[in-house]
Amino acid sequence: MRLTVFWERMTEHFGPGYADTFAHDHVMTELGGRTVHEALDAGWDAKDVWRVVCTVMNVPQEQR
């Protein structure tokens, strides 16, 4: 998954005003105690990060 697609999906689900805030502030144990930004900076694949976000935040199947 390209980062542009990842951020498009984040924006679609969380809205343009909250997607980056969520990615910056929400620490998830499934990402090793990291935020989305930290996981991506640490080299996590965007697709894997998106899967974690979907699971943790109960993103509907049709938006995954």
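Paramagnetic label reach from ASP45 (point 7 Å along Cα→Cβ; backbone nitrogen cut-off under 12 Å): within the stretch 1-18, residues 1-2.
Gyration tensor analysis over the Cα atoms of the chain returns equivalent ellipsoid semi-axes of 16, 12, 12 Å (largest first, whole Å). The modelled label-to-label distance between HIS26 and THR55, using points 7 Å beyond Cα along the C-beta direction, is 1.5 nm. Its relative contact order, with pairs defined as Cα atoms under 8 Å and 6+ residues apart, puts the chain at 31 percent.
Modelled this way, with points 7 Å down the Cα-to-C-beta line, the labels at GLN63 and THR11 are 1.5 nm from one another.
All of the numbers you see were taken from the coordinates with simple rules; none came from a lab. Given the structure is predicted, the values throughout are model-derived calculations rather than measurements. With ideal geometry, Cβ positions are generated from the backbone for all residues, glycine too; neighbour counts draw on all protein chains shown.
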